[in-house]
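J.: Have a look at the structure that comes next, please.
The values are calculated or read from the model by the stated rules, or taken from the named source; none is laboratory data. Only a predicted model underlies this, so the values are computations on that prediction, with no experimental measurement involved. Every residue, glycine among them, receives a Cβ derived from its backbone with ideal geometry; neighbour counts consider all protein chains shown.
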């Protein structure tokens with residue numbers, strides 16, 4: 001029941017009592033005033049009883065309303081505690097979010113730094129690759145130059161061997177000329193002082209003895225090394241080998257190939273295969289071409 005209703009009921013009761021009293025006073029002036037008074041008194045007692053019952057009901061409702069109000073206050077207090085807890089949790093979440101944002105900013109900065117380092121490393125890698133390519137190209141150039149230098153060394157070695165062979169020939173010629181001069185001096189009985197012969201221009205030293213006797217015997221040897229089509233022989237200028245000579249290689253009296261001499265040393269010679277029936281091997285026998293052909297023709 002609302003407060004307005006309660007006020008209306010109280011006013012109604014008050015008006016009823018007033019009306020009853022006024023009715024009693026009016027009826028008292030009539031002839032049957034005692035009966036009327038009794039009836040009105042009965043009505044007054046009923047009205048009083050009703051009023052008391054209404055007041056009791058209003059008191060009970062008021063107590064119930066107070067209890068409900070107290071319960072609502074407690075509920076409000078609980079809601080306020082929950083609200084405070086929610087605010088605390090919101091504050092904690094806000095702090096966590098701020099920390100997460102700071103961590104994210106730090107991670108972004110670190111990521112940018114790592115990206116910059118990666119770009120720098122990629123740039124350095126490109127430079128290193130470029131330098132490596134340049135070094136590889138330089139290495140290839142150096143290898144080519146080394147090959148060219150080796151070829152020049154081989155050419156110079158061959159020229160040195162040729163020059164040594166020419167020197168040997170000159171020395172042998174000088175020795176032969178001296179021997180013939182001595183023979184002629186003995187035959188014509190010239191003086192010993194007249195035996196000296198003017199040395200030809202470019203002669204090395206006097207009283208030179210030939211390194212090997214002049215012979216017309218066939219030159220024989222064997223293969224000591226094979227490198228591709230370059231074959232090294234065991235005979236050299238001391239055995240009478242000359243540049244551009246052709247040697248025949250045979251194995252068990254079977255023809256193997258022809259070797260044209262391009263480099264000559266005192267004890268070895270080297271040349272390339274110019275005609276082949278088989279591949280030469282270390283240990284194969286060799287002889288100069290004309291002698292071998294003559295022996296094969298016999």
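J.: Going through 51, 115, 79, 93 one at a time, which residue ends up being assigned to a helix (DSSP H, G or I) and under 30 Å from residue 16 (Cα atoms)?
T.: 51
Yes or no, residue by residue, for (1) surrounded by 10 or more Cβ atoms within 10 Å (Cβ to Cβ); (2) farther than 30 Å from residue 7 by Cβ; (3) out of contact with any helix residue (DSSP H, G or I) (no Cβ under 7 Å at 6 or more places or on another chain):
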site	(1), (2), (3)
58	yes, no, no
64	yes, no, yes
83	yes, yes, yes
87	yes, yes, yes
90	yes, yes, yes
112	yes, yes, yes
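Yes or no, residue by residue, for (1) at pLDDT 75 or above; (2) in contact with a helix residue (DSSP H, G or I) (Cβ under 8 Å, 6 or more places away or on another chain); (3) under 20 Å from residue 245 (Cβ atoms); (4) exposed (fewer than 13 other Cβ atoms within 10 Å of the Cβ):
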{"position": "141", "(1), (2), (3), (4)": "yes, no, no, yes"}
{"position": "145", "(1), (2), (3), (4)": "yes, no, no, yes"}
{"position": "149", "(1), (2), (3), (4)": "yes, no, no, yes"}
{"position": "153", "(1), (2), (3), (4)": "yes, no, no, yes"}
{"position": "162", "(1), (2), (3), (4)": "yes, no, yes, no"}
{"position": "171", "(1), (2), (3), (4)": "no, no, no, no"}
{"position": "174", "(1), (2), (3), (4)": "yes, no, no, no"}
{"position": "187", "(1), (2), (3), (4)": "no, no, no, yes"}
{"position": "192", "(1), (2), (3), (4)": "no, yes, no, yes"}
